[in-house]
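Working notes for the structure below.
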Amino acid sequence: MSEYMSKEVREGLEMARKAQLAKRSRLRVQVGDEIYPILRFSDKSFAIDAENAPHMRGLVDIFDGGRHMYQALIVATSFDGHAMVYEFKRNTVASDRAPLDFERDETAPIALLPIS
C-alpha cells in the first residue's frame with residue numbers, strides 16, 4: 001500500500017474529521033449573533049475550526065444545545081493544526097435565576113395552601 005495520498009484525498013479526510021468533531025459536540029460559542037461549533041473543550045480553553053474562526057476576544061456565551069452553560073471572557077491564544085484555541089480569562093457558570101441575598105431556612109414551607 002502506498003504512503004502517498006493526493007491533496008484532494010487529504011483535504012477530504014480532514015473535512016470529514018472536522019465534520020465528525022462538530023457533529024459529536026453539542027457545544028457552541030455565541031459572539032453577538034454569530035454561533036460557532038466547539039471542537040474541543042476543557043476547563044482552561046476551547047477550540048473551534050480555524051477556517052471559520054474570527055479573532056475573538058472578550059465576552060462570549062457557551063451553550064450545550066439550547067442550555068446556556070457559561071459566560072466567559074476569552075482571548076485567542078494559538079493556532080493548533082486546523083483549530084483556533086481560545087483560553088479563558090474568566091469562566092462563570094450561567095444560572096437561570098438571580099442569586100439570593102439571604103440564607104433560606106431549610107425547614108421553611110415551600111408553598112402555602114389556601115384555607116377553605
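The values are calculated or read from the model by the stated rules, or taken from the named source; none is laboratory data. These numbers were taken from a predicted model, which means no experiment stands behind them. Neighbour counts are summed over all protein chains in view; Cβ atoms, including those assigned to glycine, are modelled from backbone coordinates with ideal geometry. For the accessible areas, the whole protein counts, side chains as well, though only heavy atoms, and no ligand, DNA or RNA atoms are used. Shrake-Rupley method; radii C 1.70, N 1.55, O 1.52, S 1.80 Å.
I need the full set of residues from the stretch 18-34 which are open to solvent by 100 Å² or more (accessible area, probe 1.4 Å), over 18 Å from Ser45 (Cα atoms) and either at pLDDT 70 or above or touching a Leu at 6+ places or on another chain (Cβ under 8 Å) (or both), in order please.
Scanning the stretch 18-34 gives Asp33, Glu34.
So which residues in the stretch 67-78 are under 13 Å from Ser42 (Cβ atoms) and open to solvent by 40 Å² or more (accessible area, probe 1.4 Å), if there are any at all?
Correct list: Tyr70, Thr77.
Ile110 passes all but one of (1) more than 30 Å from Arg10 (Cβ to Cβ); (2) touching a residue at least 40 places away in the same chain (Cβ under 8 Å); which number fails?
(2)
Anything in the stretch 79-114 that is open to solvent by 50 Å² or more (accessible area, probe 1.4 Å) and either touching a helix residue (DSSP H, G or I) at 6+ places or on another chain (Cβ under 6 Å) or of a type in the set (Ser, Thr, Tyr) (or both)? List them, or say none.
Thr92, Ser95, Thr107
Gln71 is checked against (1) farther than 26 Å from Glu14 by Cβ; (2) in contact with a Leu (Cβ under 9 Å, 6 or more places away or on another chain); (3) modelled with pLDDT under 90 and fails just one. What number does that condition carry?
Unmet for Gln71, out of (1) farther than 26 Å from Glu14 by Cβ; (2) in contact with a Leu (Cβ under 9 Å, 6 or more places away or on another chain); (3) modelled with pLDDT under 90: (3).
When the residues of the stretch 50-66 are filtered to those that are open to solvent by 40 Å² or more (accessible area, probe 1.4 Å) and closer than 23 Å to Gly81 by Cα, which remaining residue is modelled with the highest pLDDT?
Arg57
Take the stretch 60-109 and flag every residue that is assigned to a strand (DSSP E or B) and polar (S, T, N, Q).
Within the stretch 60-109, the subset assigned to a strand (DSSP E or B) is 60-64, 67-80, 83-93.
Within the stretch 60-109, Gln71, Thr77, Ser78, Asn91, Thr92 qualify.
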